[in-house]
Amino acid sequence: MHLLKLMDLSSKQINEILNLADQLKFEKKNGIEHHLLKGKTLGMIFSKSSTRTRVSFEVGMYDLGGSALFLSSRDLQIGRGEPVQDTARVLSRYLDGIMIRTFAQQEVEDLAKYGSIPIINGLTDYCHPCQVLADLMTIREYKGGFAGNKLCYIGDGNNMTNSLIVGGIKTGMEVSVACPKGYEPDEKLMQWASANGKFTCTDDVLKAAEGADVLYTDVWASMGQEAEAEERKKIFKNYQINANVMSVANEKAMVLHCLPAHREEEITAEVFEAHANEIFDEAENRLHAQKAVLVKCLGNS
């Protein structure tokens, strides 16, 4: 099994991962060992650096009885022009699985195509499935389920938005997105969402947030967009989760952020701190959700 993008998973498979994540979280909290990947080795390829991705996968493999090997693109021949298909075939002879955090989705797809071991997408410019599995886990913990909940994303129609749309629709939530014109999510994903659930995309923040049970945002300029940061601040200045937005959402609405957060840009410090428990539970759940993915992908059964 691979995890290349959430679209590849059925609703049943997503819920199975979340159920396993809940179990593994309970066991870790109660000191119950679960060495389900004893003797297995995960190679972690990083073309984009990350705090949460590296630490959570490394600790996750340790908890599961395996080991993780950090592979910077600067240290691999793939960073010096070796074709992806060659790297995939070589690493398949050394490792039991690969997690890759990179730019192009095609690189992840090619690793799976040419390799013979499970591939896990740790992030691409197109999607971020591991983060959204942790998000869904957190929503279910706080809301008790998905049915009847409205998930609202405010900000750039980026990789997070793409995966949130798929995860939200596949778990039966209503999904609304507020983005400036010209910064919408992937067009094909939006068409799919409209055909398979209740979905709206608008440039009106308050309209999108009205009645929301879960509010979500991300930084205005993602990794690789640093040169656009100042221009994006002007474009996205009204796309912020603040007191006005909270006032039109449901009274008990939760707030999530994939981190790192830029307070007073995409979210006010007041709202962030009021919902810090939810946001840092979400960050913790990266560990548990990814452990479930690792077991599903690298496990023997």
Inset, instruction - Kindly point out which whole DSSP H helices in the chain project their C-alpha atoms 24 angstrom or further along the helix axis while averaging a Kyte-Doolittle hydropathy of 0.5 or above. - result: none
Inset, instruction - Kindly identify segment 247-301 as rounded, prolate or oblate by the Cα gyration tensor criterion: order the square roots of the eigenvalues as a ≥ b ≥ c, call it rounded if a/c is under 1.5, otherwise compare a/b with b/c, prolate if a/b is larger, else oblate. - result: prolate
Inset, instruction - Compute the normalised compactness of segment 57-180: alpha-carbon radius of gyration over 2.2 N^0.38 Å, N being the residue count. - result: 1.25
Inset, instruction - Scan segment 182-290 for trypsin sites (Lys or Arg not before Pro) in coil per DSSP, keeping those whose Cβ has at most 10 other Cβ atoms within 10 Å, and list them by number. - result: Lys252
Inset, instruction - Return the long-range amide H neighbours of Leu69 (sequence gap of 5 or more, or a different chain), with a cut-off of under 5 Å between placed amide H atoms. - result: Leu42, Gly43, Met44
Inset, instruction - Of the listed pairs Lys40/Lys291; Lys48/Lys181; Lys29/Lys150; Lys143/Lys237, which have alpha-carbon separations greater than 22 Å here? - result: Lys48/Lys181; Lys29/Lys150; Lys143/Lys237
Legend entry - Between segment 243-301 and segment 41-66, the Cα center-to-center distance that results, in Å: 20 Å
Legend entry - Rg in Å to one decimal, and Dmax rounded to a whole Å, for segment 131-283 via C-alpha atoms: 14.0, 41
Legend entry - segment 1-134, relative contact order in percent, only Cα pairs under 8 angstrom and at least six apart counted: 29 percent
Legend entry - the chain: equivalent-ellipsoid semi-axes (sqrt of 5 x gyration tensor eigenvalues, Cα, Å): 31, 22, 17
Legend entry - Qualifying lysines (Cα of each under 18 Å from Cα of Lys113; at least 8 residues distant if same chain): Lys5
Inset, instruction - Using per-residue counts of other Cβ atoms within 10 Å, averaged over each peptide, order 136-143, 13-20 from highest down. - result: 136-143, 13-20
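None of the figures in this text is laboratory data; all of them are computed from the coordinates on show. What you are looking at is a predicted structure, and each value in this text was computed from that prediction instead of being measured. Cβ sites come from the backbone with ideal geometry, for glycine too, and all protein chains shown count toward neighbours.
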